[in-house]
1. Across the range 92-99, in residue order, what do the Karplus-derived ³J(HN,Hα) couplings come to in whole Hz, using 6.51 cos²θ - 1.76 cosθ + 1.60 with θ = phi - 60° and x for Gly and Pro?
2. Can you give the % of DSSP beta bridges in the range 73-230 that are antiparallel, to the nearest 5?
3. S42 to D70: extension gain in nm, 0.36 nm per residue of separation minus the Cα-Cα distance?
4. Sequence gap at least 6, Cα distance under 8 Å: using those rules, report the relative contact order of the range 4-160 to the nearest whole percent.
5. For the range 13-136, build the convex hull from the C-alpha positions and give me its volume per residue in Å³.
6. Pop out the ³J(HN,Hα) list for the range 103-117 in order, Karplus 6.51 cos²θ - 1.76 cosθ + 1.60 with θ = phi - 60°, rounded to Hz; leave Gly and Pro as x.
7. Can you run the Rg to Rh ratio on the range 38-92? Use alpha carbon positions and the Kirkwood inverse-distance Rh.
8. 5 Å is the cut-off here: which amide hydrogens, built 1.01 Å from N in the peptide plane, fall below it relative to L209, excluding neighbours closer than 5 in sequence?
Amino acid sequence: MKGRSFSDTGTKSGAYKFGVKDEQEYKRDYRISAYAKTKKKSGWDCLRHYEILGSGTVPYFEDFDVSPADSMAHLPKQLILRLMELEGVSDGDIDMDVFNFEEYLCLADQLLEYTRENLSSDAMAKYLLKTTQHEDAKNILFLSGSEISDYVRDTLLMGLKSLMRDVAGGKVVDFVKHNFLYNIPVDTKPHDWSNEGFYGNGFTYAHWLDGRDEEDRSRLVERIKEKEFDLIIFGSIHRGMPFLDLVFENYGKDDIVFVDGEDIH
């Protein structure tokens with residue numbers, strides 16, 4: 001078996017092993033590993049799980065058996081558990097004398113396929129639109145009031161922006177604009193993409209949106225009153241809900257979505 005058995009990107013002190021400029025090496029560390037350790041952090045659902053899955057690696061959870069049934073609800077828990085319980089696999093090691101590599105590859109391939117179809121930013125955006133019966137939405141207002149990163153809010157916005165690129169006349173107006181999500185055209189601005197101070201060093205979410213994609217964010221009060229938008233999404237109920245009263249006055253409940261990405265309850 002080439003590569004390593006387990007990746008563990010965390011440290012006992014909680015510090016990151018990879019610096020702010022090492023995102024590619026961070027992802028490579030996952031890709032060359034059969035399993036990658038992960039666990040409950042502030043809550044059970046965290047970005048690290050999806051980074052592992054997106055790298056084609058199997059997450060190996062600490063205390064997976066006590067995770068709440070309703071948390072990490074979109075993960076294929078039984079498939080992950082089956083991979084974790086393959087003969088020869090233990091916390092941090094693989095006994096290659098008994099490990100069935102062919103079975104691992106078959107199951108890991110299923111896990112990666114599931115991830116691509118169900119856990120990407122685009123897939124989660126499609127899930128939201130389908131669940132709220134807004135699959136035909138073209139004009140979306142995505143509201144948030146905080147400059148603090150929030151991986152649920154931010155990756156959902158990425159997915160919606162991606163989907164609307166393929167819709168004639170489609171647009172997602174994000175307010176406030178979180179500049180850390182956008183890349184910076186090198187021909188117009190200094191090429192300073194420092195992720196210093198961002199949660200998780202900004203890996204996976206910072207600077208992914210097109211910096212040239214400038215939506216019109218003016219006159220939002222009037223545009224809400226005119227019901228310009230098919231759907232209004234509050235991207236994080238814990239990170240600010242601008243225009244909340246105005247939205248309630250002009251939109252029915254079926255056209256308003258609230259997203260709660262926290263585990264604090």
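The values are calculated or read from the model by the stated rules, or taken from the named source; none is laboratory data. This is a predicted model, so every value here is computed, not measured. As a convention, Cβ positions derive from the backbone with ideal geometry for all residues, glycine included, and neighbour counts pool all protein chains shown. When the accessible area is computed, the model is the full protein with side chains, heavy atoms only, and any ligands, DNA or RNA have been set aside. Shrake-Rupley method; radii C 1.70, N 1.55, O 1.52, S 1.80 Å.
1. 3J(HN,Hα) across the range 92-99, in whole Hz: x, 7, 10, 8, 5, 5, 10, 6.
2. Antiparallel bridges make up about 25 percent of those DSSP assigns within the range 73-230.
3. So the extension gain works out to 8.5 nm.
4. 18 percent
5. So the per-residue hull volume is 136 Å³.
6. Karplus values, whole Hz, x for Gly and Pro: 5, 4, 4, 4, 6, 5, 5, 4, 5, 5, 4, 4, 4, 4, 7.
7. Rounded to two decimals, Rg over Rh is 0.92.
8. Y182, N183
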